[in-house]
Amino acid sequence: DELDTLDSAAMQFAKELNELHKKMSADQSKLRFLAMYDELTQLANRNNLNEYLHKSMIRMHRYNKPFGVILIDLDEFRKVNDTQGHTVGDQLLQQVAERLLGLVRKKDFLCRFGGDEFVIVVDGVVHEADANITAEKVIALFEEPFVVNSLKVFVSVSLGVTICNSAKISVDEIIRQVDM
């Protein structure tokens, strides 16, 4: 009888440990998502960008594959939040993310850098003109207004473009260059 009770307790303990393991795994996945992705847009975030740029630098050095970086800044986005509210601003950012996702190729990388800034890493860029083609497509995305809660919102953008073709440059320097 004592062995049956002990066996039952051990089975219950094993079941509880298994449930705890599942919960911890789910929590770890959620923490990883929060650390690497923007919750509002579901795009990669700045942490993810830094990691991606480090890997791109390694590929560029190893295989001599330059890449372009485009920083997209929504002009006067603060006015949208101030006049229409943060809910409209958030919905606008989500729509911007959707449009940009429709533009980038599978081999490129898109992230919400923070606030009203987005970054595209364009793979396989040899000359600045190659990155400028993507930049021109980005600008064209903003020619049509966004519709948020039946309100037409016109947004203009400022872009920065840089080409990374030297292994001597740091990730921070890439960001600084494209931000200028």
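The values are calculated or read from the model by the stated rules, or taken from the named source; none is laboratory data. Treat the numbers as computed from the prediction; the structure is a model and nothing was measured. Cβ: placed from backbone, ideal geometry, glycine included. Neighbour counts: every protein chain shown. Side chains are part of the model used for accessible areas, which takes the heavy atoms of the whole protein and leaves out ligands, DNA and RNA. Shrake-Rupley method; radii C 1.70, N 1.55, O 1.52, S 1.80 Å.
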Quick one: what pairs do we get from the stretch 155-180, first residue closer than 30 Å to Gln95 by Cβ, second among the basic types (Lys, Arg) and part of a loop (DSSP other than H, G, I, E, B), C-beta under 7 Å, 6+ apart or different chains?
-> none
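Can you list the helices (runs of 4 or more DSSP H) found entirely within the stretch 1-114 that contain at least 3 residues being within 26 Å of Val178 (Cα to Cα) and open to solvent by 100 Å² or more (accessible area, probe 1.4 Å)?
Hits in the stretch 1-114: 46-63.
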In the set Asn64, Asn45, which member is out of contact with any Ser or Thr (no Cβ under 7 Å at 6 or more places or on another chain) and either closer than 15 Å to Gly114 by Cβ or in contact (Cβ under 8 Å) with a residue 40 or more places away in the chain (or both)?
-> Asn45
Considering only residues that are closer than 29 Å to His86 by Cβ and touching a residue at least 40 places away in the same chain (Cβ under 8 Å), look in the stretch 122-141 and name the one that is most open to solvent (accessible area, probe 1.4 Å).
-> Leu141
Would you mind telling me which numbered condition in (1) within 29 Å of Phe33 (Cβ to Cβ); (2) open to solvent by 20 Å² or more (accessible area, probe 1.4 Å) Leu151 fails?
-> (1)
Which residues, taken from the stretch 159-180, are surrounded by 11 or more Cβ atoms within 10 Å (Cβ to Cβ) and out of contact with any helix residue (DSSP H, G or I) (no Cβ under 9 Å at 6 or more places or on another chain)?
-> Glu173, Arg176, Gln177, Val178, Asp179
Can you run down the residue pairs with Cβ atoms below 7 Å, 6 or more apart or on separate chains, where the first is in the stretch 73-98 and closer than 16 Å to Ile139 by Cα and free of Cβ contacts under 8 Å to residues at least 60 places away in the same chain and the partner is surrounded by fewer than 16 Cβ atoms within 10 Å (Cβ to Cβ) and of a type in the set (A, V, I, L, M, F, W, C)?
-> Leu93/Leu40
Go through the stretch 142-157 and count every residue that is touching a Leu at 6+ places or on another chain (Cβ under 7 Å) and under 15 Å from Thr83 (Cα atoms).
-> 3
In the stretch 126-180, which strands (runs of 3 or more DSSP E) lie fully inside it and hold 1 or more residues that are under 17 Å from Asp75 (Cα atoms) and charged (D, E, K, R)?
-> 151-153
